[in-house]
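The values are calculated or read from the model by the stated rules, or taken from the named source; none is laboratory data. Keep in mind that what you see is a predicted model, and the values were worked out from it rather than measured. For neighbour counting, all protein chains shown are included, and Cβ atoms are generated from backbone atoms with ideal geometry for every residue, glycine included.
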Amino acid sequence: MKLYTKPGACSTAVHIDLAWTGAPFEVQVLDAEAMKAPAFRALNPAGSVPVLVDGDFVLTQNAAIVGYIADRQPQAGLAGDGSPRQRAEATRWLSFVNSDLHPAFKPLFGPAMFIGDPAQHDAVKAAARHRLRGLFETADRQLQGRQWLAGFRSFADPYLYVTLRWAGRVGVDLSGLQALAAFRERMDADDGVQRALTAEGLA
């Protein structure tokens with residue numbers, strides 16, 4: 001398998017998942033210019049990451065990719081123990097990060113997509129930070145008494161970790177969220193996480 005990723009993007013979560021499997025894989029780290037190149041656009045016309053190539057199979061979209069990795073490498077337990085219940089629990093928290101948490105950052109990364117008046121951009125960003133604080137409070141409550149979102153290490157955890165890294169860059173208030181802070185520390189210390197960050201120049 002080969003992963004195309006951009007440093008610090010949501011694709012970094014997929015990179016961590018692959019590192020956690022212990023199976024061999026290739027990685028190609030792209031910058032914004034490389035994502036516009038015809039060779040990459042041939043794989044994904046949208047010009048976005050992640051892209052996973054497995055033989056003649058080309059897959060896009062984070063949630064689809066991490067599910068595929070979990071199915072290809074079941075020994076890693078990224079979707080649980082193989083039971084429908086554990087897979088559903090892992091998918092529930094993956095969906096929370098992918099569908100609720102990740103999109104809530106968009107007004108911070110590009111406020112002009114939401115309102116044309118530059119004078120209103122700060123207000124849009126403030127509202128986004130407020131919403132993100134509430135979503136991270138949900139994650140903090142879920143992590144109380146647990147090391148991992150689903151109760152076991154799953155494909156949801158690297159994605160949450162990446163959003164925590166974003167939160168630090170865009171000024172989201174995470175003060176007092178002790179379970180979330182402990183999760184961040186565990187992830188920072190994880191060997192697979194560090195291998196992925198190092199390969200992307202983020203360590």
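Kindly indicate which of L94, L135 is touching a Leu at 6+ places or on another chain (Cβ under 8 Å) and either aliphatic (A, V, I, L, M) or at pLDDT below 95 (or both).
From the options L94, L135, the qualifying one is L135.
Residues that are among the basic types (K, R), farther than 18 Å from F25 by Cβ, under 18 Å from the mean Cα position of the chain (by Cα) and assigned to a helix (DSSP H, G or I): does region 105-115 have at least one? Step through it out loud before you land on a result.
Taking region 105-115 as the starting set, the residues that turn out to be among the basic types (K, R) are 106.
Those left that are additionally farther than 18 Å from F25 by Cβ: 106.
Within this subset, residues satisfying the condition of being under 18 Å from the mean Cα position of the chain (by Cα) are 106.
Those still in the list that are assigned to a helix (DSSP H, G or I) too: 106.
Yes, that holds for at least one residue.
Within region 193-203, is there a residue that is touching a residue at least 24 places away in the same chain (Cβ under 8 Å), aliphatic (A, V, I, L, M) and farther than 17 Å from A19 by Cβ?
Of region 193-203, the ones touching a residue at least 24 places away in the same chain (Cβ under 8 Å) are 193, 195-197, 199-202.
Within this subset, residues satisfying the condition of being aliphatic (A, V, I, L, M) are 193, 196-197, 199, 202.
Checking which are farther than 17 Å from A19 by Cβ leaves us with none.
No, because not a single residue in region 193-203 is touching a residue at least 24 places away in the same chain (Cβ under 8 Å), aliphatic (A, V, I, L, M) and farther than 17 Å from A19 by Cβ.
Within the bounds of region 42-50, is there any residue that is over 29 Å from R169 (Cα atoms), part of a helix (DSSP H, G or I) and out of contact with any Asp or Glu (no Cβ under 9 Å at 6 or more places or on another chain)?
yes
Considering each of V58, V27 in turn, give the residue that is farther than 27 Å from D188 by Cβ and touching a strand residue (DSSP E or B) at 6+ places or on another chain (Cβ under 9 Å). Walk me through how you get there before you give the answer.
Details: V27 fails: farther than 27 Å from D188 by Cβ.
Being farther than 27 Å from D188 by Cβ and touching a strand residue (DSSP E or B) at 6+ places or on another chain (Cβ under 9 Å) holds for just one of V58, V27, which is V58.
So the check is Cβ under 7 Å with 6+ separation or different chains; which pairs have a first residue in region 69-92 that's farther than 21 Å from R146 by Cα and in contact (Cβ under 8 Å) with a residue 24 or more places away in the chain and a second one that's part of a helix (DSSP H, G or I) and among the hydroxyl-bearing types (S, T, Y)?
Note: pairs meeting the criteria are I69/T21; Q73/T21.
Of all residues in region 1-42, which are more than 15 Å from T198 (Cα to Cα), free of Cβ contacts under 8 Å to residues at least 40 places away in the same chain and exposed (fewer than 12 other Cβ atoms within 10 Å of the Cβ)?
P24, D31, A32, E33, K36, A37, P38, A39, A42
Name the single residue, out of those in region 156-203 being surrounded by fewer than 18 Cβ atoms within 10 Å (Cβ to Cβ) and polar (S, T, N, Q), that is farthest from R87 (Cα to Cα).
My answer is S175.
In region 172-203, what count of residues is obtained for those that are over 29 Å from G145 (Cβ atoms), modelled with pLDDT of 95 or more and over 15 Å from the mean Cα position of the chain (by Cα)? Walk me through how you get there before you give the answer.
Kept after step one, since they are over 29 Å from G145 (Cβ atoms), are these residues of region 172-203: 198-203.
Now drop any that are not modelled with pLDDT of 95 or more, which leaves 198-202.
Imposing the further condition that a residue be over 15 Å from the mean Cα position of the chain (by Cα) reduces the set to 198-199, 201.
Number satisfying all stated conditions: 3.
Is one or more of the residues making up region 50-61 under 17 Å from P158 (Cα atoms) and touching a residue at least 60 places away in the same chain (Cβ under 8 Å)?
Checked against the condition, which is being under 17 Å from P158 (Cα atoms) and touching a residue at least 60 places away in the same chain (Cβ under 8 Å), region 50-61 yields no hits at all.
Testing L149 on (1) part of a helix (DSSP H, G or I); (2) under 30 Å from G82 (Cβ atoms), one condition comes back false. Which one is that?
Looking at each condition in turn, L149 falls short on (1).
From the list L174, L164, exactly one residue is in a helix (DSSP H, G or I) and not hydroxyl-bearing (S, T, Y). Which is it?
Answer to the check: L164.
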